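Please read the structure below before turning to the comments.
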């Protein structure tokens, strides 16, 4: 038994990668499956949250179906996973979901405001996967295997040089322990991405920024052109001042959140043990595609 929302809800924000304003309407859906609709395109084409619609993307997750695509869906899908939202229609008037504060809180708070209603999901009887599926690239690895109960593990080394690990099970309070973990990057990555014309909506308000390069006068002028109010100094933790971590291990919590969001494309699954080491979206996308290639049939239609 999963859930949908009880009441429709509208929210607005700005896309991380496009920087464009975007409005989203969340609607109850009595059928299982998460379905996106592009209301700004002729015919309001749909994009299901399923493996066969996973598009090529860097540092985020994009779904594409014909002329329609929706980017940066991972935090919404993570909230669906964590709160067991199995049926939902998401109307969006642009190519990217709003980023909020860089975590899944935007969606958790929206779901709670809308309320919940039960959804029967007969597909929960699916027997896949039948065997272990693994992906490895260098020091990064991701493994999914059948188990008697759900557990999703993430371990890695993060920008402050420390190793952290995090775990999700059905006993985890997603809203309290994971939803508020924000995305993060190094200042050197911000510089490279902005110079390439990317993350136009990125700011210290929606991402933790680790100060890993010296701030020269020329660099300070460049960064202030993007973020006029930024204080280009480092906190004792090494973050862009005045940022503060919500947890000492906030970064690994966010990586686990992203992993849950990408795994949500495979719903429904029987219980699995998932182990990730130093992974990211690219690794999870490859695993999702491998699972799909093994013949598991998901809800790949736009039926209402």
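May I ask you to say which residue of 8, 28, 48 is crowded, with 18+ Cβ neighbours inside 10 Å, farther than 14 Å from residue 119 by Cβ and at pLDDT 95 or above? Break it down into steps so the answer makes sense when it comes.
Working: 8 fails: crowded, with 18+ Cβ neighbours inside 10 Å; 28 fails: farther than 14 Å from residue 119 by Cβ.
Only one candidate passes the filter, namely 48.
List the pairs whose first member sits in the stretch 268-292 and is assigned to a strand (DSSP E or B), whose second member is buried (at least 21 other Cβ atoms within 10 Å of the Cβ), and whose Cβ atoms are under 6 Å apart, counting only residues at least 6 apart or on separate chains?
Note: pairs meeting the criteria are 272/144; 274/144; 276/142; 276/154; 276/259.
I need the full set of residues from the stretch 199-216 which are at negative phi and either without any contact (Cβ under 8 Å) to a residue 12 or more places away in the chain or crowded, with 17+ Cβ neighbours inside 10 Å (or both), in order please.
Result: 201, 202, 203, 204, 206, 207, 208, 209, 210, 211, 214, 216.
I'm checking my understanding of the structure. Among residues of the stretch 173-188 that are crowded, with 17+ Cβ neighbours inside 10 Å and without any contact (Cβ under 8 Å) to a residue 60 or more places away in the chain, which one is nearest to residue 231 (Cα to Cα)?
Across the stretch 173-188, the extreme among qualifying residues is 187.
Within the set of pairs 6+ apart or on separate chains, which have a first residue in the stretch 238-260 that is without any contact (Cβ under 8 Å) to a residue 12 or more places away in the chain and on the phi < 0 side of the Ramachandran plot, a second that is buried (at least 23 other Cβ atoms within 10 Å of the Cβ) and part of a helix (DSSP H, G or I), and C-beta atoms under 7 Å apart?
If the second residue must be buried (at least 23 other Cβ atoms within 10 Å of the Cβ) and part of a helix (DSSP H, G or I), no pairs are left.
Of all residues being touching a strand residue (DSSP E or B) at 6+ places or on another chain (Cβ under 6 Å) and closer than 16 Å to residue 101 by Cα in the stretch 250-272, which is surrounded by the most Cβ atoms within 10 Å (Cβ to Cβ)? Just the residue, please.
By that ranking, first place goes to 255.
Pull up the stretch 119-134, narrow it to residues that are assigned to a loop (DSSP other than H, G, I, E, B) and within 23 Å of residue 286 (Cα to Cα), then point me to the one that is modelled with the lowest pLDDT.
Step by step, filter the stretch 119-134, then rank; the result is 127.
Between a residue in the stretch 64-85 that is at negative phi and modelled with pLDDT under 95 and any residue that is surrounded by fewer than 24 Cβ atoms within 10 Å (Cβ to Cβ) and outside any strand (DSSP E or B), which pairs come within a Cβ distance under 8 Å, given they are 6 or more apart or on different chains?
67/41; 67/45
Do the conditions hold for residue 244, that is, is it assigned to a loop (DSSP other than H, G, I, E, B), at pLDDT 95 or above and surrounded by fewer than 18 Cβ atoms within 10 Å (Cβ to Cβ)?
In short, yes.
In the stretch 31-45, what count of residues is obtained for those that are modelled with pLDDT under 95 and at negative phi? Outline the logic, then answer.
Taking the stretch 31-45 as the starting set, the residues that turn out to be modelled with pLDDT under 95 are 31-33.
Going one step further and asking which of them are at negative phi, we end up with 31-32.
Residues in the stretch 31-45 being modelled with pLDDT under 95 and at negative phi: 2 in total.
Name every residue in the stretch 217-231 that is loosely packed, with under 15 Cβ neighbours inside 10 Å and in a loop (DSSP other than H, G, I, E, B), in order of residue number.
Correct list: 228, 229, 231.
Give, as residue ranges, the strands (runs of 3 or more DSSP E) completely inside the stretch 36-111 that count at least 2 residues that are under 16 Å from the mean Cα position of the chain (by Cα) and under 24 Å from residue 207 (Cβ atoms).
Here the list reads 62-65, 68-71.
Hey, does the stretch 287-301 have a residue that's at pLDDT 90 or above, more than 14 Å from the chain's Cα centre (by Cα) and under 16 Å from residue 166 (Cα atoms)?
Within the stretch 287-301, none of the residues are at pLDDT 90 or above, more than 14 Å from the chain's Cα centre (by Cα) and under 16 Å from residue 166 (Cα atoms).
If a residue has to be assigned to a strand (DSSP E or B) and free of Cβ contacts under 8 Å to residues at least 12 places away in the same chain to count, how many in the stretch 135-172 make the cut?
Start the filter on the stretch 135-172 by keeping residues that are assigned to a strand (DSSP E or B), which leaves 135-137, 140-146, 151-157, 163-168.
With the extra rule that they be free of Cβ contacts under 8 Å to residues at least 12 places away in the same chain, the set shrinks to 136, 163.
Residues flagged as assigned to a strand (DSSP E or B) and free of Cβ contacts under 8 Å to residues at least 12 places away in the same chain within the stretch 135-172 amount to 2.
Tell me whether the stretch 183-198 contains one or more residues that are out of contact with any strand residue (DSSP E or B) (no Cβ under 6 Å at 6 or more places or on another chain), modelled with pLDDT of 95 or more, in a loop (DSSP other than H, G, I, E, B) and within 21 Å of residue 280 (Cα to Cα).
Yes - at least one qualifying residue is present in the stretch 183-198.
The values are calculated or read from the model by the stated rules, or taken from the named source; none is laboratory data. The structure presented is a predicted model; accordingly, all values stated were derived computationally and were not measured. Methodologically, a virtual Cβ is constructed for each residue, glycine included, from the backbone with ideal geometry; neighbour enumeration extends over all protein chains shown.
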